[in-house]
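Trainee: This is the structure I want to talk about, given as structure tokens.
Read-outs: derived from the displayed coordinates by stated rules, not from any lab. Note that the structure is predicted; figures quoted are calculated from it, not measured. FYI the Cβ positions are ideal-geometry reconstructions off the backbone, even for glycines, and counts take in every protein chain you see.
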Amino acid sequence: MGVIVKIRIMPSSPDTDLEKLKENIKAVVPKDAKLCEMGEEPIAFGLKAIIAVVTVGDVEGGTERVEEAFTKVEGVEGVQVISLDRI
């Protein structure tokens, strides 16, 4: 059994190249997680967040490794889990 997680990734600036940021995020997905999809969500004043949908095992701390990996990407201001469901 696993968990599907929707994560909001905030760029550090409205001028951040979101396509490059998405590529950098894809590169750091932990081995025990699977990136299912990635999109954009308008926030305000031209700022857009990246919404990543990831599946992980249903284990303690399963989302923490993903959150930590995304937080370390250059150009990421913040990471927030916005939904979590069992699959």
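Trainee: Using only the Cα atoms of the range 1-50, what are the Rg and Dmax in Å?
Mentor: 12.2, 40
Trainee: Under the rule of -39500 (n - 2.57) per DSSP H run of 4 or more residues, summed and divided by the residues of the chain, what mean residue ellipticity at 222 nm is obtained, to the nearest 500 deg cm²/dmol?
Mentor: Taken over the chain, the calculation gives -6500 deg cm²/dmol.
Trainee: Hey, got the dipole for the range 2-86? About the Cα centre, +1 on K and R Cβ, -1 on D and E Cβ, debye to the nearest 20?
Mentor: 140 debye
Trainee: Starting from the chain, pick out the GluC sites (Glu not before Pro) whose DSSP state is loop and whose Cβ has at most 10 other Cβ atoms within 10 Å.
Mentor: Those that pass, being in a loop and sparsely packed, are 60, 74.
Trainee: Are there trypsin sites (Lys or Arg not before Pro) in the range 1-33 that DSSP puts in a loop and that have at most 15 other Cβ atoms within 10 Å, and which ones?
Mentor: 31
Trainee: So what does log10 I(q)/I(0) come out to for the chain at q = 0.13, 0.17, 0.23 Å⁻¹, using the Debye formula with one equal point on every Cα and no solvent?
Mentor: The Cα Debye sum returns log10 ratios of -0.37, -0.63, -1.09.
Trainee: Averaging over all projection directions, find the projected area of the Cα convex hull of the range 45-87 and quote it in nm² with one decimal place.
Mentor: 3.7 nm²
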